[in-house]
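Colleague: Pasting a structure here, questions to come.
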Amino acid sequence: MENKVAIVTGSSRGIGAETAKLLAQRGAKVVINYARSAAAAEEVVASIQEKGGQAIAIQADARNMEQMSQLVEETVKVYGTVDILVHNAGMSFPKKSFEDMQWEEFIQKTNDELQAAFVSTKAVLPHMKKQQYGKLVYVSSGLSNHPAPAFIAHGTSKGGLNSFVKYIAQEVGKQGITANVVSPGLVETDATADLPKEF
């Protein structure tokens, strides 16, 4: 990871923040992307810098092409390139049974999830193709393969993400760019704090 440049979407907290810190610890220059909390993002930056790492925070909605393009442009201006994208931005979703759910709330999660993956990938690919090198890592969920009560919207959207990544990997693999999915099980973060302990 020494001197590699990594963008981690949704990295002001939770899995994204810890991923960013680990990449920095291993020598990468990290862009902390956040949608809302500048203070939380700056805390992650400070934590990395205190340990001798390099990091900056840039606000952008991962679903917004203009904002993500600006984030990538700013990254290149500061660090010279983009080597790694960790697509981790989390999208809210209703925790309901299929029976209680409406189509609009069900499909919104899938739309948000795939739009963010599509936009983020589009934003970084030109730089990776130019240098014939890149690492695309997408954070999915074990719930895409192992259903749990009230997680149908989340699990279905992550199943779509898994399929998307296979197509990206096939298309860009010959250009020195890899695309992989990481599918953790339930991780204790502030985002999962409201789940019942017996889940």
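The values are calculated or read from the model by the stated rules, or taken from the named source; none is laboratory data. No experiment lies behind these values; they were computed from the predicted model shown. With ideal geometry, Cβ positions are generated from the backbone for all residues, glycine too; neighbour counts draw on all protein chains shown. To get the accessible areas, we keep the full protein, side chains included, count just its heavy atoms, and leave off ligands, DNA and RNA. Shrake-Rupley method; radii C 1.70, N 1.55, O 1.52, S 1.80 Å.
Colleague: Among the residues of the stretch 116-132, are any touching a Pro at 6+ places or on another chain (Cβ under 9 Å), part of a helix (DSSP H, G or I) and on the phi < 0 side of the Ramachandran plot?
Modeller: The answer is no; no qualifying residue exists.
Colleague: Looking at the stretch 137-148, can you tell me whether even one residue there is modelled with pLDDT under 95, open to solvent by 20 Å² or more (accessible area, probe 1.4 Å), polar (S, T, N, Q) and more than 24 Å from ALA17 (Cα to Cα)?
Modeller: Looking for residues that are modelled with pLDDT under 95, open to solvent by 20 Å² or more (accessible area, probe 1.4 Å), polar (S, T, N, Q) and more than 24 Å from ALA17 (Cα to Cα), one finds at least one in the stretch 137-148, hence yes.
Every residue, every condition in (1) touching a Leu at 6+ places or on another chain (Cβ under 8 Å); (2) of a type outside the set (Asp, Glu), yes or no:
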position: ASN33; (1), (2): yes, yes
position: THR75; (1), (2): no, yes
position: ASP100; (1), (2): no, no
position: GLN115; (1), (2): no, yes
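Colleague: Got a sec? Which of LYS158, LYS129 is open to solvent by less than 70 Å² (accessible area, probe 1.4 Å), among the basic types (Lys, Arg) and touching a residue at least 24 places away in the same chain (Cβ under 8 Å)?
Modeller: Result of the check over LYS158, LYS129: LYS158.
Colleague: Mind checking which pairs have a first residue in the stretch 112-125 that is open to solvent by 20 Å² or more (accessible area, probe 1.4 Å) and a second that is assigned to a helix (DSSP H, G or I), Cβ under 6 Å, 6 or more apart or different chains?
Modeller: From the stretch 112-125, the pairs are LEU114/GLY160.
Colleague: Search the stretch 91-107 for residues being without any contact (Cβ under 8 Å) to a residue 24 or more places away in the chain and within 20 Å of the chain's Cα centre (by Cα), and hand back the single one that is farthest from SER11 (Cα to Cα).
Modeller: Ranking the qualifying residues of the stretch 91-107, first place goes to ILE107.
Colleague: Can you tell me which residues in the stretch 170-199 are assigned to a loop (DSSP other than H, G, I, E, B), open to solvent by less than 40 Å² (accessible area, probe 1.4 Å) and modelled with pLDDT of 65 or more?
Modeller: Just the residues of the stretch 170-199 that are assigned to a loop (DSSP other than H, G, I, E, B), to begin with: 176, 183-189, 193-199.
Adding the requirement that they be open to solvent by less than 40 Å² (accessible area, probe 1.4 Å) leaves 176, 184, 189, 195.
Listed by number, the residues that qualify are GLY176, PRO184.
Colleague: Next question. Which residues, counting only those in the stretch 87-118, are more than 19 Å from VAL182 (Cα to Cα) and among the β-branched types (Val, Ile, Thr)?
Modeller: The answer is ILE107, and nothing else.
Colleague: From ALA28, ALA123, ALA89, ALA41, which residue is more than 15 Å from ALA153 (Cβ to Cβ) and in contact with a Phe, Trp or Tyr (Cβ under 6 Å, 6 or more places away or on another chain)?
Modeller: Going through ALA28, ALA123, ALA89, ALA41 in turn, just one is more than 15 Å from ALA153 (Cβ to Cβ) and in contact with a Phe, Trp or Tyr (Cβ under 6 Å, 6 or more places away or on another chain): ALA41.
Colleague: Could I ask something else about it? Given the criterion touching a residue at least 40 places away in the same chain (Cβ under 8 Å) and touching a Gly at 6+ places or on another chain (Cβ under 7 Å), identify the matching residue among ASN88, ASN64, ASN3.
Modeller: ASN88 is the lone residue from the list that is touching a residue at least 40 places away in the same chain (Cβ under 8 Å) and touching a Gly at 6+ places or on another chain (Cβ under 7 Å).
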